[in-house]
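J.: Got a structure here, written out as structure tokens. Questions coming.
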Amino acid sequence: MAIEMLVGLQVVDDVAYQSYRDEMTPILESYGGEFGYDFKVSEVLKSKTQAPINRVFTISFPDQGAKDSFFSSENYLKIRQDHFEKTVSDTTILATYER
């Protein structure tokens with residue numbers, strides 16, 4: 001059963017974040033993962049966290065093993081360190097569910 005996550009981010013540098021996405025997407029796809037939806041959010045009306053959110057997306061994997069392998073892969077972690085940590089100030093996992 002596929003695993004999908006609904007994620008909220010506070011992106012502080014859209015151009016650099018896009019570089020992160022461009023570099024990590026081939027790695028994501030090599031694990032069978034993909035982005036489903038992707039939104040830039042201008043206003044959050046209700047939240048269960050103090051973390052600001054201006055980007056919301058879904059990311060899915062064929063199963064839990066593929067998800068775990070992707071997020072722990074050295075190639076992904078290098079790109080995350082080089083780009084993500086400088087461009088995103090807050091991350092909120094809104095939901096994780098089976099599809």
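J.: Once you've got the GNM for the chain with C-alpha springs shorter than 10 Å, pick whichever of A66, A16, A51 has the biggest mean-square fluctuation.
T.: Comparing A66, A16, A51 in the GNM, the peak value goes to A51.
J.: Then there's this: Search the structure for amide H atoms under 5 Å from the amide H of L94, placed 1.01 Å from N in the peptide plane, and list their residues when 5 or more places away or on another chain.
T.: Correct list: L6, V7, G8.
J.: Another question, if that's okay. Just need the relative contact order of the chain here, percent rounded to a whole number, with Cα pairs under 8 Å and 6+ apart.
T.: Numbers: 174 pairs, mean separation 51.8, N = 99.
The value is 52 percent.
J.: Once Cα extents along the principal axes in Å is worked out from the coordinates, which option in (i) 48, 32, 30; (ii) 45, 28, 18; (iii) 34, 30, 18 does it equal?
T.: (iii)
J.: I would also like to ask the following. I need I27, I93, I59 ordered by Cβ neighbour count within 10 Å, fewest first.
T.: Details: I27 15, I93 10, I59 19.
Fewest-to-most Cβ neighbours within 10 Å comes out as I93, I27, I59.
J.: Using just the helices of the chain, give the 222 nm mean residue ellipticity in deg cm²/dmol: DSSP H runs with n ≥ 4 each add -39,500 (n - 2.57), and the total is spread over all residues, rounded to 500.
T.: Numbers: 3 runs with 32 residues, N = 99.
Taken over the chain, the calculation gives -9500 deg cm²/dmol.
Where a number appears in this text, it was derived from the coordinates with a stated rule and is not lab data. Treat the numbers as computed from the prediction; the structure is a model and nothing was measured. We place every Cβ from the backbone using ideal geometry, glycine too, and count neighbours over all the protein chains shown.
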